[in-house]
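Reading through the structure tokens given below for one structure.
What follows draws every value from the coordinates through simple rules; no lab data is involved. As the structure is a prediction and not an experimental result, all values here were calculated from the model. Neighbour counts run over all protein chains shown; Cβ positions are idealised from the backbone, glycine included.
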Amino acid sequence: MSHATETCCGSLAAELAETQRGLPLSRRAACQFLTCDPALVPDLLAAARAAKERFKPGIITYSRKVFIPLTNLCRDYCGYCVFRRDPADPGAHTMTPDEVLAVVREGEKLGCTEALFSLGDKPELLFPEMRQALHRLGYNSTLHYLEAMCALVLRETSLLPHPNPGLLSGEWIRRLAAVSPSMGLMLESTSAELLRAGAAHDNAPDKLPGKRLHTIQEAGKQRVPFTTGLLVGIGETPENRVDTLLAIRDLHDRYGHIQEVIIQNFRVKPGIPMENWPEPTRADMLRTVAVARLLMPRVNLQAPPNLSAPDYDELLDAGINDWGGISPLTPDFINPERPWPHLEQLRLRTEAKGSRLEQRLPVYPEFLPRILGQPGLLSDRVRAAADTEGYARRAA
Ligand code: SF4
């Protein structure tokens, strides 16, 4: 080992020691840990795991959900997406209200508490077919239809909607927050480089980092519990990765509304524009999760287990405290080739790592008071779904 490396390793070790006192990692150290000598990684993971235990000792959560792909039409063309369709593509579909209710009612029987609405961004701006479909359904836009379907689920069932519709104005955040206790938008990356020709977002007008940050900020101004996150391995540099996490942290420091940060790894799928890209390695993913934990020691951190199968339980070693939405009924329509683990397996793997698995609602316990403080159907439904600690009343 060179003298320079020894010095670097020494300062990184000192940074890890600081995290034991609850201090976040510096940007410089975070960047270095993403590429440092592998010999340092066990200490990095141990520090991240210790930070998680200080934050949420002995517990790992998940949300039992149904996945509702309200429409898979989308005006964007992200290089890694297998979900989106043009209207003439096989499998293009916009769900009817009856289809939505049928899925949600099945989920109700299986103890689900979240209806995750995932859909393409503003397809009616590009496709007359979508405008006609919305007109037939009686709505002016995809967001009007989404709002009505969230209200339907809230009114007719015990599941709580969690919409993920893409970019939102302040007005639409206000409207959707009236019918859902939380919502989400993946920041993905703050790197403008991903918009250049041939990169992941070169034909995705809704993936402009500034616009996504604006949506997350608007949600913060309205104190809406918000889920966001980082997409790992789509062409970003280690520094971009850290800066994306820091941008999320800055917004949370200002508004206190980030209920959860997802660290999602890119997976190759046949037929996507990025089908020949390298996937992030397991080591890369573990380093990134650990760095995220040490940058945000008191924020809920999630990584999807189906995208790290079969050894997904290693993510617990890097400091996550949540497995995200898991469905006993519907596939992961975003990653259809990657089935979710069976809930019993998830429980056993979690317990083998020394934690208890707990079912949470689509709004985390610490964010419940801001929903329950506003009288109405939404708070009534959330109160009925929560146990005394704020987790799902129908626990696994
Ligand atoms: S990732 Fe989302 S915004 Fe991008 S193409 Fe797929 S559905 Fe559209």
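Values computed for the structure shown
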| read-out | value |
| --- | --- |
| Over 32 Å [Cα-Cα, the chain], rounded percent | 31 |
| DSSP H segments from the chain that extend 15 Å or more along their own axis, Cα-based, with Kyte-Doolittle mean of -1.0 or above | 3-19, 41-55, 97-109, 142-156, 238-255, 282-295 |
| GNM flexibility winner over the chain from S169, S180, S118 (Cα, springs under 10 Å) | S169 |
| Two-decimal Rg to Rh for the range 251-392 - Kirkwood Rh, Cα set | 0.99 |
| All-pairs alpha carbon distance profile, the range 167-311, 10 Å steps from 0, percent | 11, 41, 35, 13, 0 |
| Estimated inter-spin distance, E53 and A283, nm [label 7 Å along Cα→Cβ] | 2.6 |
| Centre separation in Å (Cα based) which lies between the range 40-106 and the range 206-257 | 17 |
| Kirkwood hydrodynamic radius of the range 242-313, Cα pairs, Å | 13.6 |
| Pairwise Cα inverse-distance average, inverted: Kirkwood Rh of the range 34-92 (Å) | 16.2 |
| Gain on full stretching of the segment that runs from K109 to R174 - 0.36 nm per residue minus C-alpha separation | 20.3 nm |
| Reachable lysines, given that their alpha-carbon falls under 25 Å from the alpha-carbon of K221 and they are not under 8 places away in the same chain | K122, K207, K211 |
| At most 10 other Cβ within 10 Å, DSSP loop - GluC sites (Glu not before Pro), the range 335-396 | none |
| Amide H partners (placed H, <5 Å) of S327, local residues excluded | K65 |
| Calculated from backbone phi, Karplus (6.51, -1.76, 1.60) coupling profile of the range 360-375 in Hz, x at Gly/Pro | 10, 8, x, 10, 6, x, 5, 9, 4, x, 6, 7, 5, x, 10, x |
| Sites L208 and L23 - FRET efficiency at Förster radius 22 Å, r taken between beta-carbons, to 0.05 | 0.10 |
| Sorted by Cβ density within 10 Å, fewest first, the residues C150, C36 | C36, C150 |
| Full-extension gain in nm, A46 to L137, via 0.36 nm per residue minus C-alpha separation | 27.5 nm |
| For the range 1-140, diffusion coefficient by Stokes-Einstein and Kirkwood Rh (Cα), 37 °C, 0.692 mPa s, µm²/s | 166 |
| Stokes-Einstein D (µm²/s) once Rh is taken as the Kirkwood radius of the range 323-363 over alpha-carbon pairs, at 25 °C in 0.890 mPa s | 215 |
| Cut-off under 5 Å, modelled amide H: who pairs with I262 long-range | T228, G229, L230, Q302 |
| Environment charge of G256, counting only residues whose C-beta is closer than 15 Å and scoring Lys/Arg +1, Asp/Glu -1 | +1 |
| Residue order, fewest to most surrounding Cβ atoms within 10 angstrom, among F33, F266 | F266, F33 |
| Net charge contributed by nearby residues that have their C-beta within less than 15 Å of G373 (K/R +1, D/E -1) | +2 |
